[in-house]
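Notes follow the structure.
Please treat every number below as a calculation from the coordinates, not as lab data. Bear in mind that the values here come from a model prediction, so they are computed numbers and not experimental data. A quick note on method: Cβ atoms are made from the backbone with ideal geometry, for glycine too, and the neighbour counts reach across all protein chains shown.
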Amino acid sequence: MVEVTSQYKSLKKSLIFKFMVMAAVSLLLSLMVYVIQYQIQKSSVTLLQDNTLLAAHNTLSRELGDVRKVVQLLVADDILKQSDESALLEEQIQIHFVNFGLAAENISQIRWLDRKGQEKVRVNFKTGQAELVPKQQLQNKSSRYYFTEGMEHSQGEVYISPIDLNVERGAVVIPHEPTLRASYRTTSDNFVLDGLVVVNFDLSKTLQQIKSLSTLQAQIQLINGEGYWLLHPQKEKEWGFMREKSMLTLGNEDSQLWQAITQLPKSQELIASHSHATSFLKMNLGNKNAAGTNDIVVLVEADDSVQNEIILRSFIIALACAVTLISISGLYLKRSYRDQRKIIKARSHLEQEQQELLAANTKLQRYIKQQHQLQGELIEAQRLSSLGLMVAGVAHEMNTPLGGAAISLSNAQLINQQLKDKIDEGFTKQFLESSVEKIDDNLLISRVNLDKAISHVKSFKEMAHDRSNDQLVSFNIEKVISDLLLGLKSRFKASQVTIETYIDVKKDITSRPGVISQVIESLIVNAVSHAFNELDDKLIQLHVYLNQQGDVCITISDNGCGIDDSLRSNLFDPFVTTSRKHGHTGLGLYLVHEWVTSVLNGKIQLVANTDLPEGIATKFKITLPIVQKSTVS
């Protein structure tokens, strides 16, 4: 008992140490879960930002591409290329500008300026209406940057100005109208007017569409080449350069990020990441010789709360993982402690149980030995029973010839006595010849019957010799079967069973004839005992032939009641029988299987019902080598 208590204390200390180690490992795993979960959520936000960034970039790129095509389509009309400057032509140009502007939803203004910057034709568009500006209200735009830069471009090129707000007479139009100006240089060689066609595009809807792509995790910003915001989640930060608020730039707010953007090559349309929550790309408006101010930066940034949410969510998941792992470890160690206590307690009884088990095992071995002896006795009894039945059959067959011989000898003795009695009285020659003839006939009948008896005895002796001799010999199988059936003849008569034999093997085989005789007898007796009832037309067929491989095949079949499917799988197991109540042990087919496989080196099988010919219920097939090799070295 003291030893068990000591083991309990040692177990408790060991489990406490294991719990501390498992808790440390759980915390380490939880830290790894935090890092992994943080990276997963960060990657998810980054992926969302990249997708949003690409969507905004595609929207803006598509708009710029449309702008270029619209301007080229506008100046391609032949009306602008007439040689005269009549009033009718001027009116036709105005109508062309009006119709073209009404057909394009985002055009806010179309102008044609001469080379000095003076507006010659101007059409304003608003809410689907066109306004043709009178000549007295036309303005000179020579001082505007988009005029000077547009005039520097050669004919055939479309110049796209930076995006700004529409300005009328020196003041920004309210509400703000984000405007993109595209111009086309016209010369007197090909156009009516030597100057510049300028088309103003209203980007309000485009910027609104881009802004609608923003989410809390991916807020879109548009920044011009000088760092001013064109689009920002905080509206008050937009258009600082138009509102004379030079401090409202990305460079002032985040100089490190702005430096990373400016260091990108010109027109670098690849996504770049600056921090855990910012992605951007830089695109050019498409002018070959434009300075950096012509760039547009598309920037996507997560809200400040997103980073805190990622950290909090990752921490909660890691904490839950740590609590779960530590709880599982505690439960596991608690169960382990309880199980170990049971093991220690059970071990204290193990020696006593081992002693009891040893005694029980000794007793069991004795029972097994007795069972083997009993099984051997049953096998021997089966063999003696078979031999006894054979003796009874031979005795019955010998009874008829011996009885006939006895009667014939008795008749001869009676005639001989009559002849002796006539010697004193006298007899005729005819009487003497008749008496001698009768005596010869009776002696002949006696001789025939005695020969039959001698033949039966000879067959029985040969069969008995075969049964007692287990050596390999060369023999005629037809003779062995004939001797066997002679001994079983009386049993066939008593059971009213007809046996048909087909022996197709005429040459001698080398095997153990006694064992083969015993096997065939057991199968025939098994069929007589189990296969038929009193009303059957009982038939057993015995067929011996050579198969294609040259082996001897022996089939024994009957037209009885057949064998139940439930018995087929274990038919050759010991003590399997359907007639135990009639005194059968169930060793018959087991012995047959052992003799065929172990002694004769052959195989035996119960033919499947599907392979049976019509009229046959059961069929056993035995395959033996025609020359059996000795297993004794």
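Is there a pair in Lys211/Lys245; Lys126/Lys282; Lys18/Lys334; Lys42/Lys235; Lys126/Lys235 whose C-alpha atoms are over 21 Å apart, and which pairs would that be?
Distance filter (> 21 Å) returns Lys211/Lys245; Lys126/Lys282; Lys42/Lys235; Lys126/Lys235.
Can you pick out the pairs among Lys9/Lys345; Lys538/Lys603; Lys69/Lys205; Lys493/Lys538 whose Cα atoms lie more than 21 Å from each other?
Correct reply: Lys538/Lys603.
In Å and on Cα atoms, what radius of gyration and Dmax does the stretch 129-223 show?
Reported Rg and Dmax, both Å: 16.6, 55.
For Thr610 and Ala360 in the same chain, what is the full-extension length gain: residue separation times 0.36 nm, less their Cα-Cα distance, in nm?
85.1 nm
In whole angstrom, note down how far apart the Cα centers of the stretch 147-205 and the stretch 504-577 are.
The distance from the Cα centre of the stretch 147-205 to that of the stretch 504-577 comes to 113 Å.
Tally Lys and Arg at +1 and Asp and Glu at -1 over the other residues with C-beta under 13 Å from the C-beta of Thr187: what net charge comes out?
Combined, the nearby Lys, Arg, Asp and Glu give -1.
Using mean Cβ contacts within 10 Å as the protection proxy, how do 129-140, 102-113 order, highest first?
Packing order, densest peptide first, comes out as 102-113, 129-140.
Check which residues have an amide H placed less than 5 Å from Gly195's amide H, if you skip close sequence neighbours.
Close amide H contacts, sequence-distant or interchain: Thr186, Thr187.
Quick query: amide H of Glu157 versus all other amide H atoms, modeled in the peptide plane; which residues come in under 5 Å with a sequence gap of 5 or more or a different chain?
Answer set, sorted by chain and number: Arg185.
Asn559's amide H: which non-local residues (gap 5+, or another chain) put their own amide H closer than 5 Å, with H modeled 1.01 Å from N in plane and none for Pro or chain starts?
Leu539, Ala617
Quick one: net charge around Arg144, please, counting Lys, Arg +1 and Asp, Glu -1 for every other residue with C-beta under 13 Å from its C-beta.
Combined, the nearby Lys, Arg, Asp and Glu give +1.
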